[in-house]
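The values are calculated or read from the model by the stated rules, or taken from the named source; none is laboratory data. Remember, predicted model here, so these are calculated numbers, not experimental data. Don't worry about glycine lacking a Cβ; one is built from the backbone with ideal geometry, like all the others, and counts go over all protein chains shown. Just so you know, the surface numbers come from the protein's heavy atoms only, side chains and all, with ligands and any DNA or RNA stripped out. Shrake-Rupley method; radii C 1.70, N 1.55, O 1.52, S 1.80 Å.
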Amino acid sequence: MRTAMMALAGALLLAGCSNAAPDKPAAKSAEPAGDNILHISWGGIAAADAGEAKRHWSTWTINLVDGGPAYGWLSDKGITLPHALNFELAGTGKIDAVALDNRFEPVVREDGSMSQTAEGSPVRRFALLGSTAGPEGPYVTLVEGEAKADGQTVVKLPKQAAARWLRLRIDSNWAGSGQTRLSDLAILGTLDQRGGAAIADASGVYAHEYGPILLRQKGNEVFGCYNDGLGTLRGTIFGRIMRLAWYSKAEGSIGAATLVAANGKLYGFWYRPEDRMGSPWNAVRESGLDGADLGKCRAALYPPA
């Protein structure tokens, strides 16, 4: 990946002091049983919150669907409770339970140093709402609960419920005020069409802060490039879920990416070698390939047969 992108990926996760009530190591909670149908590999996505564009990527909502506590969500400063975070499954899910993870996991930066403390106070009281109608609802409350300050909390629904669009309403944090943080969110249940909700075509030109991402879909194959042709992409698409390999010839580096194409956008992450997460790779579709200036991307998009 581009040098600047790699440097950014190693930036400080969260700085400051945790407002969690107990001052002790994070609790060793058992991992929740069942499939996490909100995980990015299942096609789950998270909508950006209102102030996200001004914050570092390590605080974005998309981090809540990566399946681990290393990177999470942090609310804006000065924004009062309650908070509402919105998510979408790849299809209608039959939901049995929700798991909130408030653990803080130190992250090793690119220079070898480590982030030691978390900013903000962990989620306390919350409610999970669901809709089968659309992202605007109407929503119904599926379950309410209280999350542990420094652990993982699994709350079962009173009865199994169907939903595709989900809203996490955060009513309080353990400090009682100030910024709120959450490390990960899991929705446990079954999905009726993990890859069945196929999109017509993921091809297009997508705007990204490090330069455009160009994709061409041919059946289940995906060809692409990024950073104005500095890197190439190749992989497959299953429903709306793409698993891609990236290659930077200039840096001689390779890695993987998991992206979901939905709502005219790309949601997901790129990974360094050994599947260590790099950063979110969210992008917005600007146009199709027809009539676009393909430039240095042409060879990657249309490789020899």
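By the gyration tensor of its Cα atoms, with a ≥ b ≥ c the square roots of the eigenvalues, what is the shape of the range 159-275: rounded for a/c under 1.5, prolate for a/b over b/c, or oblate? Verdict is oblate for the range 159-275. Each residue of the range 92-105 was assigned a 3J(HN,Hα) from its phi angle through the Karplus expression (A = 6.51, B = -1.76, C = 1.60, θ = phi - 60°), giving 5, x, 9, 9, 9, 7, 10, 10, 10, 10, 9, 5, 9, 10 Hz with x at Gly and Pro. The modelled label-to-label distance between residue 192 and residue 146, using points 7 Å beyond Cα along the C-beta direction, is 3.6 nm.
If R0 is 35 Å, the Cβ-Cβ spacing of residue 296 and residue 56 corresponds to a FRET efficiency of close to 0.75. If the chain linking residue 201 and residue 243 were pulled fully straight, counting 0.36 nm for each residue of separation and taking away their Cα-Cα distance, it would gain 13.6 nm. For residue 70, neighbours were defined as the other residues whose beta-carbon sits under 11 Å from its Cβ, and their charges (Lys and Arg +1, Asp and Glu -1) total -2.
Per-residue extension of 0.36 nm, minus the Cα-Cα distance of residue 136 and residue 105, leaves a gain of 7.8 nm for this segment. Put simply, the amide H of residue 161, placed in the peptide plane, has neighbours under 5 Å in 95, leaving out anything fewer than 5 places away on its chain.
Taking 7 Å steps out from each Cα toward its Cβ at residue 284 and residue 125 produces label points 3.6 nm apart.
Using heavy atoms of the protein chains and a probe of 1.4 Å, the accessible area assigned to residue 73 is about 10 Å². When the trypsin sites (Lys or Arg not before Pro) in the range 215-302 are filtered for DSSP coil states and for at most 13 other beta-carbon atoms within 10 Å of their beta-carbon, the remaining sites are 249.
Electrostatic bookkeeping for residue 264 treats Lys and Arg as +1 and Asp and Glu as -1; over the other residues with beta carbon under 10 Å from its beta carbon, the sum is +1. With a 1.4 Å probe rolled over the protein heavy atoms of all chains, the accessible area of 104, 87 falls in the order 104, 87, largest first. Measuring between alpha carbons in the structure, the pairs from 156/265; 159/265; 94/265; 54/265; 94/148; 54/296 lying more than 28 angstrom apart are 156/265; 159/265; 54/296.
Using θ = phi - 60° in the Karplus curve 6.51 cos²θ - 1.76 cosθ + 1.60, the 3J(HN,Hα) couplings for the range 254-270 round to 9, x, 10, 8, 10, 10, 10, 9, 7, 6, x, 9, 10, 10, x, 9, 10 Hz; x is entered for Gly and Pro.
Ranked from largest to smallest solvent-accessible area, with a 1.4 Å probe on the protein heavy atoms, 123, 155 come out as 155, 123.
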